[in-house]
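What follows is a single structure, written as structure tokens, with notes after it.
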Amino acid sequence: TYLAALKTEQEYLTGKDRTDERIELDFGQQVPVSVDSATLQNYLEHYDNAESNYRYRLEVVERILSRNGDVNLQSWLTLHYLSHNPEVLIRLYLKYGAVEKAATLFSQVIQL
């Protein structure tokens, strides 16, 4: 998946394996630097909500797209944006050069 690719890229760029490192999120939760998709989804479902203005999902998607705008996001991320501010994901796609993905998402939104 794209998380594995990010981990591999990270190891390549830094020259080290960061599996034991942890980062602290704004809300005090510590998360391993290299997490799998299911773990990431669980964290976001638990901590990222309307109260946080879904900013953690935004950060995740922006980091992914900044590394590769052509990556196919996990369906649980795109489905979230279809029901919560799809224009945010459309803007991110455009920002990182994924014009076709932005157009596809836009067409899905106007069909709803």
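Candidates His84, His80: the one that is surrounded by 11 or more Cβ atoms within 10 Å (Cβ to Cβ), closer than 30 Å to Gln111 by Cα and modelled with pLDDT of 90 or more is His80. Does His46 count as out of contact with any Pro (no Cβ under 7 Å at 6 or more places or on another chain), in a helix (DSSP H, G or I), at pLDDT 85 or above and closer than 13 Å to Leu105 by Cβ? Considered against the rule, which asks whether it is out of contact with any Pro (no Cβ under 7 Å at 6 or more places or on another chain), in a helix (DSSP H, G or I), at pLDDT 85 or above and closer than 13 Å to Leu105 by Cβ, His46 comes out as no.
For the stretch 67-75, the condition of being in a helix (DSSP H, G or I), out of contact with any Asp or Glu (no Cβ under 7 Å at 6 or more places or on another chain) and of a type in the set (Asp, Glu) holds for none of the residues. Among the residues of the stretch 64-100, the one identified as basic (Lys, Arg) and free of Cβ contacts under 8 Å to residues at least 12 places away in the same chain is Arg91.
Can we say Gly97 is in a loop (DSSP other than H, G, I, E, B), of a type outside the set (Ser, Thr, Tyr), out of contact with any Phe, Trp or Tyr (no Cβ under 6 Å at 6 or more places or on another chain) and at pLDDT 90 or above?
Judged against the criteria, Gly97 is a match.
If you filter the stretch 11-42 down to residues that are out of contact with any helix residue (DSSP H, G or I) (no Cβ under 8 Å at 6 or more places or on another chain) and in a helix (DSSP H, G or I), you find that the one that is modelled with the highest pLDDT is Asn42.
Given the criteria at pLDDT 90 or above, part of a helix (DSSP H, G or I) and surrounded by 18 or more Cβ atoms within 10 Å (Cβ to Cβ), does Arg91 qualify?
No.
The values are calculated or read from the model by the stated rules, or taken from the named source; none is laboratory data. Bear in mind that the values here come from a model prediction, so they are computed numbers and not experimental data. Here Cβ is always computed from backbone atoms with ideal geometry, including for glycine, and neighbour counts include all displayed protein chains.
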